[in-house]
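What follows is one structure encoded as structure tokens, with my remarks underneath.
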Amino acid sequence: MANDREVLRMIWEGQLALCFQADPDEIVGLQQPENFYLMVSRLSYLPLVTDKVKKYFSRFISDSQQDGTVWFDYNGTPLKLHYPIGILYDLFQEDGNHPWCLTIHFSKFPEDLLVKFETKDLLESYYMSCLKEADVLKHRGQVISSMQKKEHNQLWIGLVNDKFDQFWAVNRRLMEHNGEQECFKYTPIRFYNEDGTYMQKLMSPIAESGRKKTVRDLLEELSTPERKAVGVKTHGIDVHSETHLQWMSEHLSYPDNFLHLVIFYENV
């Protein structure tokens, strides 16, 4: 079970400074509104943290656009609403400067590129499906299925309201090992390419020899004859090659219980 509580707390408290600017084509009137600034959790999602942003900019757009589905872009790239904010930052903010400046849009939702989450209930459903998928990989789904509905709700409410103790009072059960095993059956991981796409690969935290796998093993498994995987980043951290996958899964997973890893490659 995850027991380095200080690490869990540091990951939970990771924040990013965001600067939101309006789309000039949507503004009614001659004067462009000032930018809106917000500190947000790396672990959260854009639809959860932007109510104040929408309220602020809605004063400057036409009535016909008030009910449009809000979306955001960075330097012209639409941002996935179901990706954790931390992984979006790690993918697209190359220089690491703060604040990270995003553009808010109230119209022309790019349906070919983004999934709509018009209500928080839809995002909650997506989040719970990820939790269940992660537990199937770790415990064959036995832990999440044994929980009561109120415990599922407690995980979501803890995330939405930024309540560390409330969230981890339940999530610790999802981080426990089965029986005498020291590791999960499989490690829930999503591997992100630098273009923002991701893939999943069935990854055991244990090598055939019985030893615990490390980031070095992961990079070797992801490498191909054409390109070599050379680095991993998550939560803004370049992860050391000798870090165990099991430890990462217990301590560096996002609240959906997946490791979200940006993978860096070099051409061979």
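In segment 252-268, the residue that is modelled with the lowest pLDDT out of those that are surrounded by fewer than 19 Cβ atoms within 10 Å (Cβ to Cβ) and of a type outside the set (A, V, I, L, M, F, W, C) is Asn267.
Beta carbons closer than 8 Å, at least 6 apart along the sequence or on distinct chains, never pair a first residue in segment 55-69 that is modelled with pLDDT of 90 or more with a second that is part of a helix (DSSP H, G or I) and open to solvent by 40 Å² or more (accessible area, probe 1.4 Å).
Within segment 21-44, being under 28 Å from Ser253 (Cβ atoms) and touching a helix residue (DSSP H, G or I) at 6+ places or on another chain (Cβ under 6 Å) holds for Val40, Arg42, Ser44.
Checking the conditions here, which among Gln200, Gln166 is surrounded by fewer than 17 Cβ atoms within 10 Å (Cβ to Cβ) and in contact with a Gly (Cβ under 6 Å, 6 or more places away or on another chain)?
On the way: Gln200 fails: in contact with a Gly (Cβ under 6 Å, 6 or more places away or on another chain).
Of the residues listed, the single one that is surrounded by fewer than 17 Cβ atoms within 10 Å (Cβ to Cβ) and in contact with a Gly (Cβ under 6 Å, 6 or more places away or on another chain) is Gln166.
Scoring Lys185 on the criteria (1) of a type outside the set (Gly, Ala, Ser); (2) surrounded by 19 or more Cβ atoms within 10 Å (Cβ to Cβ); (3) assigned to a loop (DSSP other than H, G, I, E, B) leaves a single failure, condition (2).
Filter segment 1-34 down to residues that are part of a loop (DSSP other than H, G, I, E, B) and surrounded by 13 or more Cβ atoms within 10 Å (Cβ to Cβ) and give me whichever is modelled with the lowest pLDDT.
Checked segment 1-34; the qualifying residue modelled with the lowest pLDDT is Ala2.
Going residue by residue through segment 55-65, is there one that turns out to be closer than 17 Å to Leu81 by Cα, out of contact with any strand residue (DSSP E or B) (no Cβ under 6 Å at 6 or more places or on another chain) and surrounded by 14 or more Cβ atoms within 10 Å (Cβ to Cβ)? Within segment 55-65, not a single residue is closer than 17 Å to Leu81 by Cα, out of contact with any strand residue (DSSP E or B) (no Cβ under 6 Å at 6 or more places or on another chain) and surrounded by 14 or more Cβ atoms within 10 Å (Cβ to Cβ). Filtered by the rule that a residue be farther than 20 Å from Asp195 by Cα and among the hydrophobic types (A, V, I, L, M, F, W, C), segment 110-128 gives Phe117, Leu122, Leu123, Met128. For Glu208, the conditions (1) farther than 28 Å from Met10 by Cα; (2) in a strand (DSSP E or B) are fulfilled apart from (2).
Just one of Arg216, Arg140, Arg211 is basic (Lys, Arg), modelled with pLDDT of 95 or more and open to solvent by 10 Å² or more (accessible area, probe 1.4 Å); which is it? Give the derivation first.
Working: Arg140 fails: modelled with pLDDT of 95 or more; Arg211 fails: modelled with pLDDT of 95 or more.
Result of the check over Arg216, Arg140, Arg211: Arg216.
The single condition among (1) in a loop (DSSP other than H, G, I, E, B); (2) touching a strand residue (DSSP E or B) at 6+ places or on another chain (Cβ under 7 Å); (3) of a type in the set (Gly, Ala, Ser) that Ser44 does not meet is (2).
Taking every residue in segment 34-49 that is over 10 Å from Gly86 (Cβ atoms) and pairing it with any residue that is open to solvent by 20 Å² or more (accessible area, probe 1.4 Å) and in a strand (DSSP E or B), at least 6 positions away or on another chain, the pairs with Cβ-Cβ distances below 6 Å are Asn35/Gln21; Met39/Gln15; Met39/Ala17. Within segment 105-138, the residues that satisfy the criterion of being out of contact with any Lys or Arg (no Cβ under 9 Å at 6 or more places or on another chain), in a helix (DSSP H, G or I), of a type outside the set (Gly, Ala, Ser) and closer than 20 Å to Thr69 by Cα are Lys120, Asp121, Leu123, Glu124, Tyr126, Tyr127. Could you tell me whether any residue of segment 86-99 is outside any loop (DSSP other than H, G, I, E, B), among the charged types (D, E, K, R) and over 17 Å from the mean Cα position of the chain (by Cα)? Among the residues of segment 86-99, not one is outside any loop (DSSP other than H, G, I, E, B), among the charged types (D, E, K, R) and over 17 Å from the mean Cα position of the chain (by Cα), which makes the answer no.
The values are calculated or read from the model by the stated rules, or taken from the named source; none is laboratory data. Computed from a predicted model, the values in this text were never measured in an experiment. Every residue, glycine among them, receives a Cβ derived from its backbone with ideal geometry; neighbour counts consider all protein chains shown. Just so you know, the surface numbers come from the protein's heavy atoms only, side chains and all, with ligands and any DNA or RNA stripped out. Shrake-Rupley method; radii C 1.70, N 1.55, O 1.52, S 1.80 Å.
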